[in-house]
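Worksheet: the structure to be examined is printed underneath.
Bear in mind that the values in this text are calculations on the coordinates, not laboratory data. Everything numeric here is computed off the predicted structure, so don't read it as measured data. Ideal geometry is used to build each Cβ from the backbone, glycine not excepted, and the neighbour counts take in all protein chains shown.
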Amino acid sequence: MNEVIEQAINYIKSFFKNDCSGHDVFHTMRVYKMATHIAEQENADVFIVQLAALLHDVDDRKLSPITCNNKKNAVDFMQSQGMNDDIINRVLMIIEEVSFKGTGTARPASIEGECVQDADRLDAIGAIGIARAFTYGGNHNRIMHDPAIEPSLNMDEKQYSAHISTTINHFYEKLFLLKDLMCTQTAKELAEHREMYMRAYMEEFMSEWEGLK
Ligand code: ADP
Ligand code: NI
């Protein structure tokens, strides 16, 4: 394994030590592995993809509000590894492009950005995605479902971050939109299965809710 990537893995392991908000080290490691797989399939630059995947959440708005604009954690790490400005800027650009912010989010400018964004989004759907959504909901004191609270669709970035809703609504407000937002063919195919699994889960959930099962 590349030495810088090995150091980045050590760095994120200590960085995410005490987090249980859904942004733990295991999320980052899953994104890293998935992004590597997608990058290999799509002939992208694997090193850039891996470095960006490992650093994609270290300056997250929710986890590190002080560094989220200048991405100081990612920059400091890359400088400590002697990365040149070209690599640093490519990685920072990808991190900036990765996060979902409502329906107006732009598609990444590079294939490497597409690989990381797709991997991050794949981790929000399927069996893991379901578990992460309910973990997030519990962590933020949200109720899991209230039929009286309608999902609100087509939110812009500002509305999306101010919005308070239920965890079930989060499926309709974000998770069921992700399949069609995948950029790479590799991720589109994986997303199909994860989406089907979530739809089936939602059907079961609603049947049990109505007392039909
Ligand atoms: P990322 O940019 O890493 O995908 P987010 O910070 O948007 O992540 O979300 C982290 C995890 O928490 C994701 O799995 C996401 O689906 C979930 N999550 C985010 N917002 C909500 C919410 N309002 N209700 C339930 N789950 C949520
Ligand atoms: Ni992430």
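Descriptive notes on the structure:
- Taken over segment 16-58, the criterion of being part of a helix (DSSP H, G or I), over 17 Å from the mean Cα position of the chain (by Cα) and hydrophobic (A, V, I, L, M, F, W, C) is satisfied by VAL46, PHE47, ILE48.
- Selection status of LEU177, away from ligand 1 (no atom under 12 Å from the Cβ) and of a type in the set (A, V, I, L, M): no
- Yes/no for ILE111 being of a type in the set (Val, Ile, Thr) and within 18 Å of TYR197 (Cβ to Cβ): no
- Residue match in segment 134-145 (condition: within 10 Å of ligand 1 (Cβ to nearest atom) and in contact with a Lys or Arg (Cβ under 9 Å, 6 or more places away or on another chain)): yes
- Within segment 161-213, the set of residues being without any contact (Cβ under 8 Å) to a residue 60 or more places away in the chain and either outside any helix (DSSP H, G or I) or within 16 Å of ligand 2 (Cβ to nearest atom) (or both) comprises HIS163, ILE164, SER165, THR166, HIS170, LEU175, GLU210, GLY211, LEU212, LYS213.
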